[in-house]
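What follows is a single structure, written as structure tokens, with notes after it.
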Amino acid sequence: MVRVLDVTEPQPEQRPPPDITDEYEVISRDEEGDGYDISEIVDMLKGMESGEGDAQP
Amino acid sequence: MCAEERPVYPVYIDLEVLLDVTKHALEELPREVIGFLLGRAYTWNGETYVHVTGSIRGRSIASETSVAFAPDSLAEVAESLRRDHPDKEIVGWYHSHPGYGCFLSPTDITSHKSCFAMPHHVALVVDPVRKEAAFFRVSEGFGYEGVRSAIVRRRV
């Protein structure tokens, strides 16, 4: 069976960015395009993986 | 500054997506990982931006310094996109550079150019060892540039 694909380029919808709406809050901005320090994210994920923060008996 | 005058960042990414991508990168250490970024492109005040609201992990053939999609994994990704994310489109890709920083290698640039032809398509590189992440776009010729972005979270 041949599946027909729509290859037309979708035109972007006009919509205010998340930080302009009340729906979202900004956690961090990269103003220069030089990247983020994600230490907090990595440390949190490693903590979850090791069970850190589990309730102690 | 009123909301209408705020600069439009080329990329907005939901915090939970960055968490998922970083988790993927940590789980596979010391190997690299690869996947797709999902979301939508929008325009505002004449500028195009992408809002990254999801990701799909790619099954890969990876080492500590290279990664590529497994030959049969692209069909799985297409099926996952259709089944689980019908309201989203692919807006870029991510991969990890464990311990050697965030940049695009010549191979990365070639991959981006061949697979992500739209101007708004972005590449996210995560280094879970140096604990860094950065967005890039490929520019004219064989160069690339860092892209301004914002990490956002939906208010509860």
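Could you tell me which chymotrypsin sites (Phe, Trp or Tyr not before Pro) in segment B:54-156 are loop residues by DSSP with no more than 16 other beta carbons within 10 angstrom of their beta carbon? Let's see the in-between values first.
On the way: sites: B:PHE69, B:TRP93, B:TYR94, B:TYR100, B:PHE103, B:PHE116, B:PHE135, B:PHE136, B:PHE142, B:TYR144; in loops: B:TYR100, B:PHE103, B:PHE116, B:PHE142.
In loop regions of segment B:54-156 (DSSP not H, G, I, E or B), the sparsely surrounded chymotrypsin sites (Phe, Trp or Tyr not before Pro) are B:TYR100, B:PHE103, B:PHE142.
When DSSP assigns beta bridges and you keep just the ones with both residues in the protein assembly as shown, what percent turn out antiparallel, to the nearest 5? Percent antiparallel among DSSP bridges in the protein assembly as shown is about 70.
The DSSP beta bridges internal to segment B:3-152 are antiparallel in roughly 70% of cases. Taking segment B:91-120 and a reference point 7 angstrom along Cα→Cβ of B:ALA68, the backbone N atoms nearer than 14 Å belong to B:107-108, B:110-112. Counting only lysines at least 8 places from A:LYS46 when in the same chain, those with an alpha carbon closer than 20 Å to its own are B:LYS23, B:LYS131. Given +1 at the Cβ of Lys and Arg, -1 at the Cβ of Asp and Glu and no other charges, the dipole of segment B:3-152 around its Cα centre is 60 debye to the nearest 20. Under 5 Å from the amide H of B:VAL129 lie the amide H atoms of B:GLY99, each residue being 5 or more positions distant or on a separate chain, with H modelled from the backbone and absent for Pro and chain starts. Dividing the radius of gyration of the alpha carbons in the protein assembly as shown by their Kirkwood radius gives 0.97 for Rg/Rh.
Let me confirm one metric for peptide B:43-53, namely the mean number of other chain beta-carbon atoms within 10 Å of its residues' beta-carbons. Intermediate values should be presented prior to the final figure.
Numbers: counts 5, 7, 4, 1, 1, 1, 4, 1, 4, 0, 1.
Other-chain Cβ atoms within 10 Å of each residue's Cβ, averaged: 3.
Once C-alpha pairs closer than 8 Å and six or more residues apart are averaged by separation and normalised to the residue number of segment B:3-152, the relative contact order reads 26 percent. For segment B:3-152, the share of alpha carbon pairs falling in successive 5 Å distance bins from zero is 2, 10, 19, 23, 22, 15, 6, 2, 1, 0 percent. Ordering B:GLY146, B:CYS115, B:PRO98 by Cα displacement along the dipole of the protein assembly as shown toward the positive end leaves B:CYS115 in first place; charges were set at the Cβ atoms of Lys, Arg (+1) and Asp, Glu (-1). Remark: segment B:31-48, residue by residue, has Karplus-estimated 3J(HN,Hα) of 7, 6, 10, 8, x, 9, 9, 10, x, 9, 9, 9, 10, 8, 6, x, 10, 9 Hz, where x stands for each Gly or Pro and the curve is 6.51 cos²θ - 1.76 cosθ + 1.60 at θ = phi - 60°. Max-minus-min Cα coordinates of segment B:1-51 on each principal axis give 44, 20, 14 Å, with the largest extent listed first. For segment B:23-62, evaluate the Debye formula with one uniform point scatterer on each Cα (no solvent term) and list log10 I(q)/I(0) at q = 0.23, 0.26, 0.27, 0.29 Å⁻¹, rounded to two decimals. Debye output, listed in q order: -0.75, -0.85, -0.88, -0.95. The label point for B:GLU27 and the one for B:ARG155, both projected 7 Å from the Cα toward the Cβ, are 3.3 nm apart. Across all Cα pairs in segment B:102-146, the calculated P(r) in 5 Å bins from zero up to the longest distance comes to 5, 23, 34, 22, 10, 5, 0 percent per bin. Per-residue SASA remark: B:ASP84, around 80 Å² accessible (1.4 Å probe; ligands, DNA and RNA not included).
The values are calculated or read from the model by the stated rules, or taken from the named source; none is laboratory data. Because the structure is a prediction, the values reported are computed rather than measured. Note that each Cβ is placed from the backbone with ideal geometry, even for glycine, and that neighbours are counted across all protein chains shown. Heads up: the accessible areas ignore ligands, DNA and RNA and are worked out on the full protein's heavy atoms, side chains in. Shrake-Rupley method; radii C 1.70, N 1.55, O 1.52, S 1.80 Å.
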